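Notes follow the structure.
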Amino acid sequence: MSKRFVQCAIAAVLSYSATSSVLAEPQACHALVAASYFAQPATSSTGAAPAARQVSAEFLQSLAQASRLKIKLVSVEQDAALAEVQSGRIDLIIGVDQQAAEEHHLDYLAPAYLQKKYGLWVRVGEHRTLKQWPELLGLRGVRVVPPQRLIDFDLQAQLLNWPVRTAQSLEQAVQRVLAGRSDYLIAEDQGMRDYLHQHDLLRRFELMEQPVHTQSLYVALAKDSACNTAALRQKLSQNLERLLKP
């Protein structure tokens, strides 16, 4: 066998492998597996979890159409979703904040998919002199477990030893405030409004003007995903921006 023949054979194999790799890459990344990170609430009476899943599914469908990709949303529990993303079995996750992205090997895409505001809800007509939440000395608070991390509020509450109890559900927290056992409730604005509207309690509560915390939630791509390329991140971010324009 001539040296020339061996060289040609090796060149042909390398050329075929490179061509196959180039052709396989778009096919391998034509479809993405996605999961939603929205937490299952302690009580399902508000319908918050199904609503969040429905919004996630509809939004991902729009993102898939805009990006000309197939995105399949699978049902995974919140903590398990992050583990699956980190393993590379799930490519995309929706509804994570920047802290989760930094800790779980995610590239989050701008702009933010959603902003959730947390505020203090008090009984109507009470605490009229209360202008902003740092003035809570002497008042008793309640929040639902597991409590959302509210960096500034949590630090202030710890330093000033504010009494903040926990309740197992939003229903228990609301009833605690109505019964006078707590003076204010810390809750996500839209979820609280939905609950109060559903139970005809909107006239019983008012929201303090200054929010306690604003949380930005993102769509993120797993760093370990075979589809995670700069080109795909750019494509998804561009279509996110278009879809989220008011």
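The values are calculated or read from the model by the stated rules, or taken from the named source; none is laboratory data. For clarity, every value in this text was computed on a predicted model and none was experimentally measured. FYI the Cβ positions are ideal-geometry reconstructions off the backbone, even for glycines, and counts take in every protein chain you see.
Points to keep in mind about this one:
- The number of residues in segment 197-239 that are part of a helix (DSSP H, G or I), in contact with a strand residue (DSSP E or B) (Cβ under 6 Å, 6 or more places away or on another chain) and among the hydrophobic types (A, V, I, L, M, F, W, C) comes to 1.
- Number of positions in segment 158-182 that are touching a residue at least 12 places away in the same chain (Cβ under 8 Å) and either over 24 Å from Arg203 (Cβ atoms) or of a type in the set (D, E, K, R) (or both): 10
One line per residue, one yes/no per condition, for (1) part of a helix (DSSP H, G or I); (2) crowded, with 18+ Cβ neighbours inside 10 Å; (3) not hydroxyl-bearing (Ser, Thr, Tyr):
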{"residue": "Pro111", "(1), (2), (3)": "no, no, yes"}
{"residue": "Gln115", "(1), (2), (3)": "no, no, yes"}
{"residue": "Gly119", "(1), (2), (3)": "no, yes, yes"}
{"residue": "Gly125", "(1), (2), (3)": "no, no, yes"}
{"residue": "Arg143", "(1), (2), (3)": "no, yes, yes"}
{"residue": "Leu155", "(1), (2), (3)": "yes, no, yes"}
{"residue": "Gln158", "(1), (2), (3)": "yes, no, yes"}
{"residue": "Trp162", "(1), (2), (3)": "no, no, yes"}
{"residue": "Arg165", "(1), (2), (3)": "no, no, yes"}
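- For Glu58, the criteria (1) in contact with a helix residue (DSSP H, G or I) (Cβ under 6 Å, 6 or more places away or on another chain); (2) surrounded by fewer than 18 Cβ atoms within 10 Å (Cβ to Cβ); (3) at pLDDT 75 or above hold in every case but one, which is (1).
- Here the condition is being in the same structural domain as Asn239 (by TED's automatic domain parsing) and not polar (S, T, N, Q); of His105, His127, it holds for His105 alone.
- Every residue from segment 214-246 that is under 15 Å from the mean Cα position of the chain (by Cα) and either within 30 Å of Trp133 (Cα to Cα) or free of Cβ contacts under 8 Å to residues at least 40 places away in the same chain (or both): Thr214, Gln215, Ser216, Leu217, Tyr218
- Selection count where residues are surrounded by 15 or more Cβ atoms within 10 Å (Cβ to Cβ) and either on the phi > 0 side of the Ramachandran plot or acidic (Asp, Glu) (or both), scope segment 194-223: 2
- If only residues of segment 66-97 that are acidic (Asp, Glu) and surrounded by 15 or more Cβ atoms within 10 Å (Cβ to Cβ) are counted, the one that is nearest to Cys227 (Cα to Cα) is Asp91.
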